[in-house]
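Comments concern the structure below.
The values are calculated or read from the model by the stated rules, or taken from the named source; none is laboratory data. The structure presented is a predicted model; accordingly, all values stated were derived computationally and were not measured. Here the Cβ positions follow ideal geometry from the backbone for every residue, glycine too, while neighbour counts run over all protein chains shown. Keep in mind that these areas ignore ligands, DNA and RNA; they rest on the heavy atoms of the full protein, side chains included. Shrake-Rupley method; radii C 1.70, N 1.55, O 1.52, S 1.80 Å.
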Amino acid sequence: DEFVITVRPNGPYVIRGPVKIVDAEGNPYPDQGPVTALCRCGRSQRRPFCDGSHKLVGFEHAEPAPPSSPSP
């Protein structure tokens, strides 16, 4: 199955679809269900998962995808 990662403006990475998240040692985190939000601001008390702290700390960052290049 395919999964999609959405970079939310001023918010987390939101993953939709089946995904397994592991730590640096390869140990799996508990299944988060069909939608998982990963922290980008670094302030979450549930890292690597988002707990909404970005709203409290005024995290601002957005990475729009570059425009598509026209085919030659």
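Over the chain, what relative contact order in percent results from Cα pairs under 8 Å that are six or more residues apart?
Normalised by residue count, the contact order of the chain is 29 percent.
Carbon and sulfur atoms: what percent of the 1.4 Å accessible area of the chain do they account for?
Whole-percent figure for carbon plus sulfur exposure: 52.
Over the chain, give the accessible area per residue in Å² for a 1.4 Å probe, as an integer.
78 Å²
Have a look at Ile21, Pro66, His54 and report the one farthest towards the positive end of the charge dipole of region 4-72, computed about the Cα centre with Cβ charges (Lys/Arg +1, Asp/Glu -1).
His54
Dipole size in debye (nearest 20) for the chain around its Cα centre, Lys and Arg Cβ +1, Asp and Glu Cβ -1?
Roughly 260 debye for the chain.
Test of understanding: what is the full-extension gain from Ala65 to Asp23, defined as 0.36 nm times their sequence separation minus their Cα-Cα distance?
The span from Ala65 to Asp23 would gain 12.4 nm if fully extended.
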